[in-house]
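Before any comments, here is the structure.
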Amino acid sequence: MSHENQNLPVHDHRPGQGPTLVFLHYWGGSARTWERVVKRLPDRGVLSFDFRGWGRSRELPGPYGLEQLAQDTLDIVRNAGLTDYVLVGHSMGGKVAQLVAATRPEGLSGLVLVGPGPARPGDAITPEYQAALASAYDTAESVAAARDSILTTTPLDEQAQAQVVTDSRSTVPEAREAWPLHGIADDITPHTRMINAPALVLAGENDGVEPPQVLRSNLLPYLTRAELRVLPAIGHLMPLEAPDLIAAALADFAPQAGSSVSGCG
């Protein structure tokens, strides 16, 4: 069920077995980035939303930086009345999840970071890289080029291909630029060191955006209770490239929830 509050990003909440999985999407994504994963966890409580400035939440005013996205996440969790939940953050959403978890909010039982932006930016994040990245979603053609040459290493079906283009373009310029020009370069290591919940870090073996070796050196040292799992032969868009693997990892991360994982779809 979708919930709209004029001050909060639009979110979808499906009650079910817990802990509730709270999904945070990547730069260019939306709540529906996670639909294929959610479909494979039919009994699980899930909550997903479009970040401020993106998709159904693009009418919300800024700021659009990581701190605001983290505050929005906390507000949505509180608004939904969640008392036991796991944050699941992909890429930019993974960096937001670290900021949320650093506040040690009541009810947070763990976090799963999927190809996350690391606490300490990698050496590749130069001003030149940031400037180039900021224009990656300027046109449908540039999104498609980034999707096929950078974001994925396994083919997506036509529906997923089209969704990536539509979601990446469903934003306002200020929100689209906030991550490449600012958030991606933010060093949040003091925050990440504050996290006391257990963390599972999922890395794509062929991820060219957040490679496993960068996560090993720029994220793992700052997490006190973390496991890194490398998923074979996939790239950065793991929720779309390998929803079966992501769903299985989520079910395995919280076995007390008794979730069933379906291989269909």
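Some observations on this one:
- Rounded to the nearest Hz, the phi-derived 3J(HN,Hα) couplings of region 68-78 under the Karplus curve 6.51 cos²θ - 1.76 cosθ + 1.60 (θ = phi - 60°) are 5, 5, 5, 5, 4, 4, 4, 5, 5, 4, 5, where x marks glycine and proline.
- Where trypsin sites (Lys or Arg not before Pro) fall in DSSP loop in region 196-246, at most 12 other Cβ within 10 Å: R225
- Where only DSSP H runs of four or more residues are counted, the chain gives -9500 deg cm²/dmol as its mean residue ellipticity at 222 nm, each run worth -39500 (n - 2.57).
- Our note on the geometry: Cα centres of region 169-218 and region 43-67, 17 Å apart.
- Efficiency of FRET between L74 and V230 - r from beta-carbon atoms, R0 22 angstrom, step 0.05: 0.15
- Which of R36, R104, R44 has the fewest Cβ neighbours within 10 Å, and the rest in rising order: R104, R36, R44
- Pairwise label distance in nanometres, R193 with Y129, each label 7 Å out on the Cα-Cβ vector: 2.3
- FRET efficiency, 1/(1 + (r/R0)^6) with R0 22 Å, evaluated for D138 and T166 via beta carbons: 0.90
- Over region 2-257, Cα pairs under 8 Å with separation of 6+ residues give a relative contact order of 23 percent.
- Span from the region 224-242 Cα centroid across to the region 101-144 one, whole angstrom: 15
- Fully extending the segment from S149 to E67 would add 26.5 nm, taking 0.36 nm per residue of separation and subtracting the current Cα-Cα distance.
- Residue-by-residue Karplus 3J(HN,Hα) for region 172-185, coefficients 6.51, -1.76, 1.60, Hz, glycine and proline x: 9, x, 5, 6, 5, 8, 4, 6, x, 8, 9, x, 5, 9
- Rounded FRET efficiency, nearest 0.05, which uses the C-beta distance separating D43 from L220 and R0 of 30 Å: 0.45
- A run of the chain free of exposed loop cleavage sites, with GluC sites (Glu not before Pro) counted only in DSSP states other than H, G, I, E and B and at most 11 other beta carbons within 10 Å, reaches its longest extent at 107-265.
- Shape category assigned to region 2-257 from the gyration tensor of Cα positions, a/c cut at 1.5: rounded
- Here region 187-223 is scanned for amide nitrogen atoms under 15 Å from the site 7 Å beyond the Cα of R104 along Cα-to-Cβ, giving 191-198.
- Taking S168, S135 and counting other C-beta atoms within 10 Å, the order from fewest to most: S135, S168
Where a number appears in this text, it was derived from the coordinates with a stated rule and is not lab data. Everything quoted here is computed from the prediction, not taken from an experiment. A quick note on method: Cβ atoms are made from the backbone with ideal geometry, for glycine too, and the neighbour counts reach across all protein chains shown.
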